[in-house]
Amino acid sequence: MTAAGMSAALELRNLRVTLGTVQLVRGVDLDLAPGETLGVIGESGSGKTLTCLSLLRLLPRGMAAQADVLRLKGTDLGGLDEAAFRKLRGRGIAMIFQDPVGAFNPAKRIGWHMRAVLARAASDGAWQRRAAAALSDVGIAEPERVLRRYPHQLSGGMLQRALIAMVATLAPDVIIADEPTTNLDNIIEQQILALFRSLQQRLSSALVFITHDMRVAALVSDRLAVMYAGQIVETGPAEAVLHRPLHPYTQGLIATADALASGAAQLAEIPGQPPSVLDPPAGCAFRPRCASARAGCEAPQALRSPGEARQVRCLLYD
Ligand SMILES: Nc1ncnc2c1ncn2[C@@H]1O[C@H](COP(=O)(O)OP(=O)(O)O)[C@@H](O)[C@H]1O
Ligand code: SF4
Ligand SMILES: [Mg+2]
């Protein structure tokens, strides 16, 4: 193992997710340093959620994940049995979902959930105070009242805050947030994003923040990984990717986000559709939509390293 590998919060090599003969995730690598935030961005269907679910062994029935390397703080997760893995879930690696409802038991109050995550940390009498403080830390007013509520009695934004409070209490090595603000209206979204930024200050957890929204990715990420058709097509420092995107797909995403921000009605989408997973094009998956496509693009493309800390899967950079 390399020195970098020893200190990495998360190390993933060549993740493949299959459903029968269909390849849904096709060789994804992720690297996270402690405390770092990696933004994963890509259109719907590009494999972002399945990548995360694989890390937590939460894939839908029938799907299979394989990776050459999957290490959390140096521990080989592939080698853990179900019982050992369950212990790691929450405290080693935790996930915040787009829809927080599924993370709660509908028959139990918020306080019951908070008590469960505080079980080891607080004595019987102290848990209520600790739980209220944790809710207060994520901007929930009247936390004692919220502790007595059932999940369905809270708004989506409030429930997402409560889930974030639970995860923050566990302070895992790695937090995976899968489009945590997608279902929220704009004002609440801004508040939750601010909350993520304060968590980044407060916790030393590494964060994988998944979004289809470039503006959101730009607000929270140190580095970006752009996914297309089950592969990473570009990675690099967030600033560099945003201001000097290399891959034609990333360039399209950013042009689209800029056009939307300036209110332009035209050109708000990259022309064409993402490829069908059932019948992906041979070679570069972006070829049918790429204005720069040329001879050679019909061959599979490896990631190139055209600059400091940057990678791109495109033959324009040979
Ligand atoms: N439960 C499922 N059964 C069959 N196919 C699925 C299922 N979930 C996701 N997929 C397919 O896998 C691909 C990747 O999905 P996903 O990881 O959810 O994408 P993203 O999160 O980037 O929108 C998509 O083509 C999607 O249709
Ligand atoms: S490899 Fe070819 S088709 Fe793919 S993004 Fe680069 S130029 Fe476009
Ligand atoms: Mg998704």
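Read-outs throughout are calculated quantities, based only on the coordinates presented, and are distinct from any laboratory measurement. Here the structure is a predicted model, which means the values were calculated and not measured. Methodologically, a virtual Cβ is constructed for each residue, glycine included, from the backbone with ideal geometry; neighbour enumeration extends over all protein chains shown.
Mind checking the dipole of the range 159-318: about its Cα centre, +1 per Lys or Arg Cβ, -1 per Asp or Glu Cβ, Debye to the nearest 20? Please report the intermediate quantities before stating the final value.
Values: 12 positive and 15 negative charges, 50 e Å.
So the dipole magnitude of the range 159-318 works out to roughly 240 debye.
Pairs of alpha-carbon atoms within less than 8 angstrom and 6+ residues apart define the contacts here; what relative contact order does the range 98-181 have, in percent?
Values: 85 pairs, mean separation 36.3, N = 84.
Worked out over the range 98-181, it gives 43 percent.
Using Cα pairs under 8 angstrom and six or more residues apart, how large is the relative contact order of the range 126-166, in percent?
Relative contact order for the range 126-166 comes out at 47 percent.
Please report the antiparallel percentage of DSSP beta bridges with both residues in the chain, rounded to the nearest 5.
Taking every DSSP beta bridge within the chain, about 60 percent pair in antiparallel fashion.
Can you find, among A83, A259, I41, the residue farthest towards the positive end of the dipole of the chain? Put +1 on the C-beta of Lys and Arg, -1 on that of Asp and Glu.
Checked the options; the winner is A83.
Rounded, prolate or oblate: which fits the range 251-318 when a ≥ b ≥ c are the square roots of the eigenvalues of the alpha-carbon gyration tensor, with rounded for a/c under 1.5 and prolate only if a/b beats b/c?
Judged from the Cα gyration tensor, the range 251-318 comes out oblate (a/c at least 1.5, b/c at or above a/b).
Is the shape of the range 204-288 best called rounded, prolate or oblate, per the rule: a/c under 1.5 gives rounded, else a/b larger than b/c gives prolate, else oblate, with a ≥ b ≥ c the square roots of the Cα gyration tensor eigenvalues?
Values: a/c = 1.94, a/b = 1.18, b/c = 1.65.
Oblate is the answer for the range 204-288, as a/c is 1.5 or above yet b/c matches or exceeds a/b.
Using helices alone, I'd like the mean residue ellipticity at 222 nm for the chain: each DSSP H run of four-plus residues gives -39500 (n - 2.57), total over residue count, nearest 500. Before the final figure, lay out each step's value.
Working: 11 runs with 104 residues, N = 318.
Roughly -9500 deg cm²/dmol at 222 nm, from the helical runs in the chain.
Could you order the peptides 138-147, 182-191, 291-300, 8-17 from most to least packed, using the average number of other C-beta atoms within 10 Å per residue?
Top to bottom by mean Cβ count within 10 Å: 8-17, 138-147, 182-191, 291-300.
Would you kindly derive the ³J(HN,Hα) couplings of the range 17-28 from the backbone phi angles with the Karplus curve 6.51 cos²θ - 1.76 cosθ + 1.60 (θ = phi - 60°), listing them in order in whole Hz, with x for Gly and Pro?
Per-residue couplings from phi come out as 10, 10, 10, x, 8, 8, 9, 9, 10, 10, x, 8 Hz.
If packing is taken as the mean number of other Cβ atoms within 10 Å per residue, what is the order of 198-204, 33-39, highest first? Walk me through the numbers on the way to the answer.
Values: 198-204: 14.1, 33-39: 19.4.
Those peptides, ordered most packed to least, come out 33-39, 198-204.
Given a cut-off of under 8 Å on Cα pairs at least six residues apart, what relative contact order in percent is computed for the range 51-154?
Averaging sequence separation for qualifying contacts and normalising by length gives 24 percent for the range 51-154.
List the lysines whose Cα sits under 30 Å from the Cα of K108, skipping any in the same chain fewer than 8 residues away.
Leaving aside lysines fewer than 8 places away in the same chain, those within reach of K108 are K87.
Would you mind calculating the gained length between A107 and R86 on full extension (0.36 nm times residue separation, minus the Cα-Cα distance), in nm to one decimal?
In short, 5.3 nm is gained.
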